[in-house]
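**Student:** If you scroll down you'll find the structure; I have some questions about it.
The values are calculated or read from the model by the stated rules, or taken from the named source; none is laboratory data. Because the structure is a prediction, the values reported are computed rather than measured. Cβ coordinates were reconstructed from backbone atoms using ideal geometry, including for glycine residues, and neighbour counts include every protein chain displayed.
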Amino acid sequence: MAKERLIMDVDPGIDDSLAILLALKSPEIIVEGITVVSGNVELHQATKNAMKAVDMSGAWETKVYKGMALPLVKEYIDATDTHGTDGIGENYFPVPSRTHEEEHAVDFILNTVRNNPGEVTLLALGPLTNIAAAIEKDVETMRKVKKLVLMGGTARHQGNCSAVAEYNFWVDPHAAEILFSSGIEVTMVGLDVTHKIVLTPNLRELINQFNNELSRYIFNITQFYVDFHWQQERTLGCVINDPLAVAILVNPSLAQTRDAHVDIVTEGKAEGQSLVDFGGVWTDGKTNAKVCMDVDARKFFELFLGRLFPEHADDIELVLEKQCFK
Ligand code: RIB
Ligand code: CA
């Protein structure tokens, strides 16, 4: 099968960092570049965090591009309560030696898609500000993406920023609305499926027992996130949203999707809500997205752990065999 030529748009962010590791360690994927947007933490720190994740992956040649620092309309609201003031669990790693590219992320996305029509996949794991800015600048080029997969939104599951809104859509609802009305078909990996992807204490301790630089990095950046989950919702472990979107790109059979028309609420109490109309009942059958509504969590962790720690395949299988995935 031909390799997936991918641009990752991220706001690292602890789970974004895990997604970058997974993508860069998956042979099915060629990461053409990583573009960064303000989200979990502001753009400059998020860019450093993206470069740190690249360094930890060992894929030194990967290029990182800085993008939009503020949402299109709304005031910027970070998620440092969840990810820490440095965005990766308050580890305050030394600034990476590498530097980001001079080209703006939005121009990199447009130039790459324009020069490779129908061949480049976009994977959006943060607020959609960079994606929307590219659409506003040149929608005809953006319609030439091979496909767009995103982590964001929620169809029928409780929101994480309000009863109905998920963070990536809530931070920049106008950007999300521009994407879903652009004519670009979206695969939406929302909270309906990501809430089932819990890095349990058991699985996190397995990673710790691998006792190498990568395992220590993962264990260390996820501690703050584990503490937040316990304090906030009495969850033991932490929900790792973004790597699921990478895994679904690598193996679409992990998730079950339903065709839907998705519209975004941009104002008022429900701002950031994704209105998911399965089958486009209220849009004369017109749909604009495939919405993930179920996932095989065990298959996800087989892929996630297997790609990051291939030398420990036997121990991974042994522990997953005993792990309960409801
Ligand atoms: O709501 C979860 C999403 O918002 C994840 O992508 C997380 O990294 C934040 O960006
Ligand atoms: Ca993210």
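**Student:** From the set of residues in region 164-183 that are in contact (Cβ under 8 Å) with a residue 60 or more places away in the chain and aliphatic (A, V, I, L, M), which is surrounded by the fewest Cβ atoms within 10 Å (Cβ to Cβ)?
**Tutor:** V164
**Student:** Here is a follow-up. Of all residues in region 24-41, which are of a type in the set (A, V, I, L, M, F, W, C) and either touching a Lys or Arg at 6+ places or on another chain (Cβ under 8 Å) or within 18 Å of G152 (Cα to Cα) (or both)?
**Tutor:** I29, I30, I34, V36, V37, V41
**Student:** Among the numbered criteria (1) away from ligand 1 (no atom under 15 Å from the Cβ); (2) in a strand (DSSP E or B); (3) acidic (D, E), which single criterion is violated by E61?
**Tutor:** (2)
**Student:** Let me ask another. Whether any residue in region 139-156 is over 22 Å from D107 (Cβ atoms), more than 14 Å from the chain's Cα centre (by Cα), within 16 Å of ligand 1 (Cβ to nearest atom) and not hydroxyl-bearing (S, T, Y) is what I want to check.
**Tutor:** yes
**Student:** Among (1) within 16 Å of ligand 2 (Cβ to nearest atom); (2) in contact (Cβ under 8 Å) with a residue 40 or more places away in the chain, there is one condition N49 misses while meeting the rest; what is its number?
**Tutor:** (2)
**Student:** Right, next: Select, from Y217, Y225, the only residue that is surrounded by 18 or more Cβ atoms within 10 Å (Cβ to Cβ), more than 16 Å from ligand 1 (Cβ to nearest atom) and either without any contact (Cβ under 8 Å) to a residue 24 or more places away in the chain or outside any loop (DSSP other than H, G, I, E, B) (or both).
**Tutor:** Only one candidate qualifies: Y217.
**Student:** Are any residues in region 9-18 closer than 11 Å to M151 by Cβ and more than 9 Å from ligand 1 (Cβ to nearest atom), and if so, which ones?
**Tutor:** D9
**Student:** Another question, if that's okay. Of the residues that make up region 303-314, is at least one in a loop (DSSP other than H, G, I, E, B) and either among the β-branched types (V, I, T) or crowded, with 18+ Cβ neighbours inside 10 Å (or both)?
**Tutor:** Looking through region 303-314, at least one residue is in a loop (DSSP other than H, G, I, E, B) and either among the β-branched types (V, I, T) or crowded, with 18+ Cβ neighbours inside 10 Å (or both).
**Student:** Right, something else. Which number in (1) over 30 Å from E271 (Cα atoms); (2) at pLDDT 95 or above marks the one condition that G13 misses?
**Tutor:** Going through (1) over 30 Å from E271 (Cα atoms); (2) at pLDDT 95 or above one by one, G13 breaks only (1).
**Student:** Kindly provide the set of residues from region 278-302 that are outside any loop (DSSP other than H, G, I, E, B), in contact (Cβ under 8 Å) with a residue 12 or more places away in the chain and farther than 23 Å from L24 by Cα, ordered by number.
**Tutor:** Passing the criteria: F278, W282, T283, A289, K290, V291, C292, M293, D294.
**Student:** Does any residue of region 107-114 turn out to be outside any loop (DSSP other than H, G, I, E, B), free of Cβ contacts under 8 Å to residues at least 40 places away in the same chain, closer than 22 Å to V31 by Cα and charged (D, E, K, R)?
**Tutor:** Checked against the condition, which is being outside any loop (DSSP other than H, G, I, E, B), free of Cβ contacts under 8 Å to residues at least 40 places away in the same chain, closer than 22 Å to V31 by Cα and charged (D, E, K, R), region 107-114 yields at least one hit.
**Student:** Considering only residues that are within 16 Å of ligand 2 (Cβ to nearest atom), charged (D, E, K, R) and part of a strand (DSSP E or B), which ones fall in region 1-11?
**Tutor:** D9
**Student:** Taking region 12-46 as the search range and keeping residues that are more than 14 Å from ligand 2 (Cβ to nearest atom) and in a helix (DSSP H, G or I), which one is farthest from F301 (Cα to Cα)?
**Tutor:** H44
**Student:** Restricting to region 170-193, and then to whatever is in contact with a strand residue (DSSP E or B) (Cβ under 6 Å, 6 or more places away or on another chain) and outside any strand (DSSP E or B), can you tell me which residue is farthest from ligand 1 (Cβ to nearest atom)?
**Tutor:** Per the criteria, the residue is I184.
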